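> Structure below; questions to follow.
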C-alpha cells in the first residue's frame, strides 16, 4: 500500500487559498480515480482504492496545516507503512507558479505542514512540491499563502491540478522523472509576462 497526502486547511473559507493546492490535487485524484472517501479516526478524510494495480490510501488531514503530521503518523502506524511509501503533495513558495518538482527527503524549507510531518514520521518521505510563487517579501508570505488564488491564475491552477492527478501512475511506479515530464507537458507553467498581464 502507498500513502498519498494532500496538505491544506479544512473548511470552505480555505478551499481556494494558495496554501490549499495540495487539497485541490487530492480532491481531483479522488474524483478522477473514483476513490471511496470516508471520515476516519486518524484526524483526516481518507480515500481508498486501487490505481494501476497498487492499493492507494489518500489522506486529507483535518488538523489544519501546522498539525498535518498527527493525521499522517496515526494512519501510518495503523497501516504499518514506512515513510518511503508516503508521498506528500503541497504548495511551494520557492518554485515559480505551476512548476512541479519531486524529491525524496530533505528539510522543510519553512513550510509548517512539512515541518509537522517530518516531526511525526521523519524526513524520508517523497515530496511533490507545487509552485505557487513568492510574494517577494518575507513579511508578506503569511497573507500570501492564506489568500485565494486570483481569478487570473485559475487556468494554470486548474491545469496543474489536473496534470498532477493525471500523472499519478508515474509516481505509483516510482518514476519521478516521468511524472515531472508528463506534468510539464500537460500543464506548462505560465510565463511571467503572461501572469503580469492579468
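Computed from the coordinates by the stated procedures, all read-outs in this text should not be read as laboratory data. It should be emphasised that the depicted structure is a prediction, and the values quoted were computed from it without experimental measurement. No Cβ is skipped: glycine too gets one built from the backbone with ideal geometry, and neighbour counts run over all protein chains shown.
> Could you tell me how many degrees, from 0 to 90 and to the nearest 10, lie between the Cα long axis of helix 68-79 and the main elongation axis, the longest principal axis, of the Cα atoms of the chain?
30
> Next question, about the same structure. Restricting to the stretch 2-196, what percent of DSSP beta bridges are antiparallel, rounded to 5? Can you show the working numbers first?
Numbers: 18 of 32 bridges.
Just about 55 percent of them are antiparallel.
> Can you tell me which of 47, 177, 75 moves the most in a GNM of the chain? Springs connect C-alpha atoms under 10 Å apart.
Comparing 47, 177, 75 in a Gaussian network model of the chain, the most mobile one is 177.
> Something else: As I understand it, the value is the acute angle between the Cα axis of helix 21-32 and the longest principal axis of the Cα atoms of the chain; what does it come to in degrees, rounded to 10?
That works out to roughly 60 degrees.
> Based only on other Cβ atoms within 10 Å, what is the fewest-to-most ordering of 129, 77, 115, 70?
On the way: 129 23, 77 12, 115 16, 70 20.
Ordered by Cβ neighbours within 10 Å, fewest first: 77, 115, 70, 129.
> What percent do you get for the relative contact order of the stretch 1-71 when only Cα pairs under 8 Å and 6+ apart count? Each step should come with its number before you reach the end.
Numbers: 130 pairs, mean separation 26.3, N = 71.
Dividing the mean separation by the residue count of the stretch 1-71 yields 37 percent.
> What residue among 84, 22, 113 shows peak mean-square fluctuation when the chain is described by a Gaussian network model with Cα springs under 10 Å?
84
> Sticking with this one: Just want to confirm a number: the relative contact order over the stretch 85-198, from Cα pairs under 8 angstrom separated by 6+ residues, in percent. Write down the numbers at each step before the final one.
On the way: 136 pairs, mean separation 36.3, N = 114.
Relative contact order, the stretch 85-198: 32 percent.
> A follow-up question, please. Springs between alpha-carbon atoms under 10 Å, Gaussian network over the chain: tell me which of 148, 94, 137 tops the mean-square fluctuations.
137
> Under the definition of Cα pairs under 8 Å and six or more residues apart, what whole-number percent is the relative contact order of the stretch 2-196? It would help to have the intermediate numbers written out before the result.
Numbers: 379 pairs, mean separation 46.8, N = 195.
Once divided by the residue count of the stretch 2-196, the mean separation gives 24 percent.
> Additional query: Please arrange 116, 74 by counting, for each residue, the other beta carbons lying within 10 Å of its beta carbon, fewest first. Let's see the in-between values first.
Details: 116 24, 74 19.
By the 10 Å Cβ count, ascending: 74, 116.
> Another question, if that's okay. Please give the helix 112-121 orientation as an angle from the longest Cα principal axis of the chain, in degrees from 0 to 90, rounded to the nearest 10.
Taking the Cα atoms of the chain, the angle to 112-121 is about 20 degrees.
> Where does each of 51, 21 land when they are ranked from fewest to most other beta-carbon atoms within 10 angstrom? Intermediate values should be presented prior to the final figure.
Values: 51 19, 21 26.
Result, fewest neighbours first: 51, 21.
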